[in-house]
Structure formats: C-alpha cells, structure tokens
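The values are calculated or read from the model by the stated rules, or taken from the named source; none is laboratory data. Keep in mind that what you see is a predicted model, and the values were worked out from it rather than measured. Note that we place each Cβ from the backbone using ideal geometry, even for glycine, and neighbour counts take in every protein chain shown. Areas reflect the complete protein model, heavy atoms only, side chains present, ligands, DNA and RNA absent. Shrake-Rupley method; radii C 1.70, N 1.55, O 1.52, S 1.80 Å.
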Amino acid sequence: MSEQKQESKKRQTGRLRKAMPVFIVGLLCIVAAIVVYAHPWQNASEADIEWNLTLIGSSGDNVTLSLDDIKAMKSTTAQGGFFTTTGVINGPYDVKGVSIEDVCDLVGGMGLSDLVFVSATDGYSSVFDYDQVSGNLPTYDPVTLKEMPHEKLGLTLIYEQDGKPLSYDDGKPVRLAVVGSENLLTEGFYWVKWVDRIEVIHQD
C-alpha cells in the first residue's frame, strides 16, 4: 500500500473514532426518548388517565377500583423513603395513601399464611407475606444507611407525595410504599410504581 493510501486510511479511521461517541450519545438519546414518551400516562393529566386497580381475593372475589374510589377510602399520612441497589437515596417523603391491609379487606382480607402479589403496568411485581404486610421489614438511617429499629411500619398504596399528586416518575397514579411515623428508609424493591393489580393468594 502506498504511503498516500496509508495516510488516507488513517484519516478515515480517525474520523470514525471521533464520530463514534457522537453516534452512541445520539442513539442513547433516541432510546431514552422512546422509553420516556412511550407510556401514555407520561404527559396525561390525572383526569385523563384511564386506570383501574384490580383486586382479587383468596376466594376469587374480584373488585375494581378507580383512583377516586381509593381516595374515598380512609387515608393515612406517614413518612418513608428508599434506596436503590446502587445506593441512591430517595426521600424520606411525606406521603398520603391507603393501607394495603384495608385494600385487601375489600376482597376478604389476608390470613396468616396468605401472600399478597402486587403487579404494575410495566410488568414489575413483588410478593409479600403476612409479616411483611404487617410492617416487619428492615429500616435504615437515611444518612448512614445503617439498619435502625423502627416503630409501627406498614405497606401503603400512596397517591400523594410531599403534598402533591404522584408524578409519572414516582409511580402515578398509585405506588406501593413502606412508610411509618419516622423518617427511615427501606430497600427500593418494595416500592412498586404504577400498581394496577393486587391479588391475595392462599397457601395450603
């Protein structure tokens, strides 16, 4: 290969190397935009959201609730926050919502050996046993992340956070949260966004 061709090939390779980061950043932006705007609730007002919560009891009882139905239930205010697997701390927040136990009572309640499956519109789900629903979960200091003892704790289906309706990113219209009377954190995988189905399963 001539010296001129080698020099031309080097220049082309150099241009490709310079262009590659720009291409990757552009591709990531496109993917992020698709993820953010693909969900129909992203920019919808609360009144425009077509959403219902499906409850299924251990005996097969089935109830469907709207957001207004949930807001009409006895509410509770409490504090709570969470941290992610990478150590990112969220909260603690002041939240408002309804007890998951009260929600389950609408379809026959939860027994000592039952499990509660909580599912979301994005396919995520989590399962809780009776002790966990009753608040027997580890809590952590929001500064040091060291495990701390706690007073009464419980699972709550929240629809307000720091005095405002939940944003889409925080789980609008309702999110499962672990909250209590203290500003403590729990692990993030308990906090289920965009909940649309709760089912009580009886274990033999």
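Okay, here's what the table says:
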quantity	calculated
Flag if Val192 is assigned to a loop (DSSP other than H, G, I, E, B), closer than 18 Å to Val88 by Cβ, without any contact (Cβ under 8 Å) to a residue 40 or more places away in the chain and of a type outside the set (Phe, Trp, Tyr)	no
Boolean, Glu147 is under 18 Å from Thr77 (Cβ atoms), acidic (Asp, Glu) and free of Cβ contacts under 8 Å to residues at least 60 places away in the same chain	no
Selection count where residues are farther than 21 Å from Met110 by Cβ and without any contact (Cβ under 8 Å) to a residue 40 or more places away in the chain, scope the stretch 152-170	5
Which numbered condition Lys96 misses (of (1) touching a helix residue (DSSP H, G or I) at 6+ places or on another chain (Cβ under 8 Å); (2) closer than 20 Å to Lys164 by Cβ; (3) modelled with pLDDT of 95 or more)	(1)
Residue in the stretch 22-35 that is modelled with pLDDT of 95 or more, open to solvent by less than 50 Å² (accessible area, probe 1.4 Å) and under 27 Å from Lys164 (Cβ atoms) present	no
Positions within the stretch 53-102 being outside any strand (DSSP E or B), more than 21 Å from Phe189 (Cβ to Cβ) and open to solvent by 80 Å² or more (accessible area, probe 1.4 Å), in sequence order	Ser59, Asp68, Ala72, Lys74
The stretch 122-135, subset closer than 20 Å to Gln79 by Cβ and assigned to a helix (DSSP H, G or I), residue least open to solvent (accessible area, probe 1.4 Å)	Val133
Subset of the stretch 136-159 [under 17 Å from Gly97 (Cβ atoms) and surrounded by fewer than 18 Cβ atoms within 10 Å (Cβ to Cβ)]	Lys152
Residues satisfying the stated conditions in the stretch 141-165, i.e. part of a strand (DSSP E or B) and of a type in the set (Lys, Arg)	Lys164
Yes/no for Thr186 being farther than 19 Å from Asp102 by Cβ and part of a strand (DSSP E or B)	yes
